[in-house]
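Just below is one structure, and these are the notes that go with it.
The values are calculated or read from the model by the stated rules, or taken from the named source; none is laboratory data. Since the structure is predicted, the reported quantities are computational estimates derived from the model, not experimental observations. Here Cβ is always computed from backbone atoms with ideal geometry, including for glycine, and neighbour counts include all displayed protein chains.
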Amino acid sequence: MNLQNTYTVDEAQKKMENFCAYQERCHKEVRAKLKEMKMIPQAIDTIMVHLIEQNYLNEERFARAFVRGKFRIKKWGKNRLKQELNRREISVYSIKKAFEEIDDEDYYKTLDQLALKRIAQVKESNTYKKRKKVADYLLYRGWESHLVYDKLQKYIK
């Protein structure tokens, strides 16, 4: 009988502590990892409670780190950020708190830079086609449509 893929609650707990200490994790991710480790539901609940009590797992902290990182590095807009956090089953409260990480001035400045950069990249002589290509790009990245169309009005005549 092969026992190498079974864990005691203590072993699984240690493994998950390391997993959460390495980088911020959401509850859904940790629960999925424990299921992958073939832990029973009672053990999963016990370990989850331990991780939350010991502050290895903190939904609001995860959401804040996620928003900061994806905004700064991938330049995602609020729509995309919200969509991704919802996919990870993050509470509305934590999402709201996470958006406090984005300074409004930085947000608009980033959209401005992103729009100008994309406009320079799109080689299209037809104004309408160019607008559509730039808009599609920005909307896919999760920027609010009214902001995107304002930028297009301003920069593509």
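Restricting attention to segment 12-55, the residues that are touching a residue at least 24 places away in the same chain (Cβ under 8 Å) and over 26 Å from Val67 (Cβ atoms) add up to 9. Condition check for Ile102 on (1) of a type in the set (Val, Ile, Thr); (2) surrounded by 15 or more Cβ atoms within 10 Å (Cβ to Cβ); (3) more than 30 Å from Asn18 (Cα to Cα): one failure, at (3). Look through segment 35-55, keep the residues that are in a loop (DSSP other than H, G, I, E, B) and at pLDDT 95 or above, and return whichever of them is nearest to Gln23 (Cα to Cα). Checking each candidate, the answer is Asn55. From the residues in segment 124-138 that are touching a residue at least 12 places away in the same chain (Cβ under 8 Å) and in contact with a helix residue (DSSP H, G or I) (Cβ under 6 Å, 6 or more places away or on another chain), which one is farthest from Leu85 (Cα to Cα)? Restricting to residues being touching a residue at least 12 places away in the same chain (Cβ under 8 Å) and in contact with a helix residue (DSSP H, G or I) (Cβ under 6 Å, 6 or more places away or on another chain), the top hit is Arg131. Residues that are crowded, with 18+ Cβ neighbours inside 10 Å and farther than 30 Å from Asp104 by Cβ do not occur anywhere in segment 71-79.
Of the residues that sit in segment 80-95 and are assigned to a helix (DSSP H, G or I) and of a type in the set (S, T, N, Q), which one is surrounded by the most Cβ atoms within 10 Å (Cβ to Cβ)? Step by step, filter segment 80-95, then rank; the result is Ser94. Within segment 1-33, the residues that satisfy the criterion of being within 21 Å of the chain's Cα centre (by Cα) and surrounded by 15 or more Cβ atoms within 10 Å (Cβ to Cβ) are Met16, Phe19, Cys20, Glu24, Arg25, Cys26, His27, Glu29, Val30, Arg31, Lys33.
Among the residues of this structure, Phe71 counts as one that is modelled with pLDDT of 95 or more and closer than 30 Å to Lys154 by Cβ.
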